[in-house]
1. Mind giving me the nanometre distance, one decimal, between the label points for GLU120 and THR108, set 7 Å out from Cα along Cα→Cβ?
2. Taking the Cβ of TYR58 as the centre, find all other residues whose Cβ is under 12 Å away and add up their charges (Lys, Arg: +1; Asp, Glu: -1).
3. I'd like the Karplus ³J(HN,Hα) series for region 64-81: coefficients 6.51, -1.76, 1.60, θ = phi - 60°, whole numbers in Hz, and an x wherever there's a Gly or Pro.
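Just so you know, all these numbers are worked out from the coordinates, no wet-lab data involved. Note that the structure is predicted; figures quoted are calculated from it, not measured. Note that each Cβ is placed from the backbone with ideal geometry, even for glycine, and that neighbours are counted across all protein chains shown.
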Amino acid sequence: MAREVQRVRIGELARATGATARALRHYEQAGLICSERASNGYRVYDDLTVTRVRNIRYLLSAGLVLDDVRVFLPCLDGDMAAAPPSDKGLQVALERLAVLNERIAAQTETRDRLSAALREKTGARPGHPSSPDVT
């Protein structure tokens, strides 16, 4: 026997998933979730969207961005945390990790240049009580 689909409003979906209503609208605009409009104009979602939103949030918390999450559309409605990763999913994660590593390296280089400039101009010594916190 088919399961009866329940409809939930955006606030209920937000509470059930820990997402904000603004984030849910953003996911919808990105094409990751869908809603219908009730007769009163409110957005209503299929209650199965709870799983999809939790998976989106799981992927985002792992460091992916919404563009990366699109690759996972075919499996967003299942238990992603327990499922083995796909080759495409691993590739996306590796590419995102490379981007993050590049950004961290650039930020570290910038911090080091600023720190050196401060030491040069102020004579600050890292860890000295009268010095600014310069690494």
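1. 2.2 nm
2. Working: positive: ARG52, ARG54, ARG57; negative: ASP79.
After counting each charged neighbour, the total is +2.
3. 7, 10, 4, 4, 5, 4, 4, 4, 8, 3, x, 10, 5, 9, x, 8, 5, 5
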